[in-house]
Amino acid sequence: MQPGTLTRPELTAADRCDRCGAAAKVRAVLPSGGELLFCGHHARAHADKLRELDVELQSGA
C-alpha cells in the first residue's frame, strides 16, 4: 500500500471568501501548507501576488 497524499475537499457553497465573505471560488494553497479562500473578484485582484509566491490555485464551486 502506497502512502497517501493529503487532499483538500472540494469547495462547497458553504465555503466563504476570507476577504469579504462571498462564496469562495478559489482555494490558494500556500507553500507552507496553509490555505486562503477567495471569491472570484479577490482571486483576480490578488492573482499577481499569489503567482509571485508560487501558490497552488484550485478552482471549485
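Name the pairs: first residue in region 1-28 and closer than 12 Å to residue 60 by Cα, second residue open to solvent by 90 Å² or more (accessible area, probe 1.4 Å) and modelled with pLDDT under 95, Cβ to Cβ under 6 Å, at least 6 apart or on different chains?
Once the first residue is closer than 12 Å to residue 60 by Cα and sits in region 1-28, its partners that are open to solvent by 90 Å² or more (accessible area, probe 1.4 Å) and modelled with pLDDT under 95 give 26/59.
Mind checking which residues of region 13-25 are out of contact with any Lys or Arg (no Cβ under 9 Å at 6 or more places or on another chain) and open to solvent by less than 70 Å² (accessible area, probe 1.4 Å)? Write out each step before concluding.
Keep residues of region 13-25 that are out of contact with any Lys or Arg (no Cβ under 9 Å at 6 or more places or on another chain), which gives 13-14, 16, 18-21, 25.
If the condition is that a residue be out of contact with any Lys or Arg (no Cβ under 9 Å at 6 or more places or on another chain) and open to solvent by less than 70 Å² (accessible area, probe 1.4 Å), then 21 is the only one that fits.
Restricting the search to region 26-61, which residues are within 8 Å of the chain's Cα centre (by Cα) and open to solvent by less than 90 Å² (accessible area, probe 1.4 Å)? Lay out the reasoning, then the answer.
Start the filter on region 26-61 by keeping residues that are within 8 Å of the chain's Cα centre (by Cα), which leaves 26-29, 35-38, 56-59.
26, 27, 28, 29, 35, 36, 37, 38, 57, 58, listed by residue number.
Just give me the residues in region 20-61 being small (Gly, Ala, Ser) and assigned to a helix (DSSP H, G or I), in sequence order.
Selection gives 40, 43, 45, 47.
The values are calculated or read from the model by the stated rules, or taken from the named source; none is laboratory data. Please read all numbers here as calculations on a predicted model, not as lab measurements. Neighbour counts run over all protein chains shown; Cβ positions are idealised from the backbone, glycine included. When the accessible area is computed, the model is the full protein with side chains, heavy atoms only, and any ligands, DNA or RNA have been set aside. Shrake-Rupley method; radii C 1.70, N 1.55, O 1.52, S 1.80 Å.
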